[in-house]
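Peer 1: Below you will find the structure I want to go over with you.
The values are calculated or read from the model by the stated rules, or taken from the named source; none is laboratory data. Treat the numbers as computed from the prediction; the structure is a model and nothing was measured. In this analysis, Cβ positions are derived from the backbone assuming ideal geometry, glycine residues included, and neighbour counts consider all displayed protein chains. For the accessible areas, the whole protein counts, side chains as well, though only heavy atoms, and no ligand, DNA or RNA atoms are used. Shrake-Rupley method; radii C 1.70, N 1.55, O 1.52, S 1.80 Å.
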Amino acid sequence: MKISPIDRKVILASSFLAIIAGILFCALREDLLYILFTIMGAFIIVSGIIALFKRSVFGGIFSIAVGVLLILGAWLFVNVLLLVNGILLCISGFYGIFVSILTRDLKNLVFSILTVVVGVLFFIYTEQTAGWIFFVIGALFIVLGIVGLIMTFTSNKDKKIKEVNVKEVK
């Protein structure tokens, strides 16, 4: 498969960014989310201050309030999101157990029980579960980046294919 030079640069940059993001996810785990919320909050506060200078009082005050809430309430938002996710996983798992018992589907029953277990883990061990989720996401980003690098460096190799004459046999 031929890749144009521009596409090659885009794939290389994306691959390196995916590897860097993967390393950050694996190293910082759930702290990365708090850092991202803080950065987003800071940007929203700055945009609110700029809006105040442009005489948009309501928009400026609203943006500053949202930015402060993001910075101060990020941990609460993440925990609530994980708790809700745990509850939804439990509900989905219990429904799956009910359906698999009615249909006598053993594979679906095992998967549904695992879904309930993961939901309970989300609910009881919120921060530890979040850490493992971020670790898995980071590992997937690293694999994605490595695959992109391999694809970039192996795609334009000129492969000489010998022409083979095929004679029709009667």
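Peer 1: Taking the 0 to 90 degree range and rounding to the nearest ten, how far is the long axis of helix 57-103 tilted relative to the main principal axis of the chain, both from C-alpha atoms?
Peer 2: 60 degrees
Peer 1: Another question about this same structure. Normalised by the residues of the chain, what does the relative contact order come to in percent, with Cα pairs under 8 Å and at least six apart? List each step's numbers first, then the result.
Peer 2: Details: 179 pairs, mean separation 62.0, N = 170.
That works out to 36 percent.
Peer 1: Within 10 Å of each candidate Cβ there may be at most 16 other Cβ atoms; applying that plus a DSSP loop requirement, which trypsin sites (Lys or Arg not before Pro) in the stretch 7-108 survive? The partial results should precede the final answer.
Peer 2: Values: sites: ARG8, LYS9, ARG29, LYS54, ARG55, ARG104, LYS107; in loops: ARG29, LYS54, ARG55, ARG104.
Loop-located and lightly packed - LYS54, ARG55, ARG104.
Peer 1: Apply the Karplus curve 6.51 cos²θ - 1.76 cosθ + 1.60, θ = phi - 60°, to the phi angles in the stretch 35-46 and return the couplings in whole Hz, x for Gly and Pro.
Peer 2: 5, 5, 5, 5, 5, 4, x, 5, 4, 5, 5, 4
Peer 1: Hand me the tally of lysine pairs in the chain: alpha carbons under 17 angstrom apart, and the pair either on different chains or 8 or more positions apart. Please list the in-between numbers first.
Peer 2: Numbers: LYS2/LYS157; LYS2/LYS159; LYS2/LYS160; LYS9/LYS157.
Lysine pair count for the chain: 4.
Peer 1: Just to confirm, what accessible area per residue do you get for the stretch 1-89 at 1.4 Å probe, in whole Å²?
Peer 2: On the way: 6020 Å² over 89 residues.
Accessible surface, normalised per residue, equals 68 Å².
Peer 1: Okay, moving on. Quick one: helix 106-124 against the long Cα principal axis of the chain, what's the angle to the nearest 10°, folded into 0 to 90?
Peer 2: Its long axis makes an angle of about 40 degrees.
Peer 1: What nm value, rounded to one decimal, do you get for the distance between ILE6 and VAL110 when each label is placed 7 Å out toward the C-beta?
Peer 2: Distance between label points: 5.0 nm.
Peer 1: At a 1.4 Å probe radius, carbon and sulfur cover how many percent of the accessible area of the chain?
Peer 2: Roughly 76 percent of what the probe reaches on the chain is carbon or sulfur.
Peer 1: Right, something else. Could you tell me how many degrees, from 0 to 90 and to the nearest 10, lie between the Cα long axis of helix 5-28 and the main elongation axis, the longest principal axis, of the Cα atoms of the chain?
Peer 2: 50 degrees
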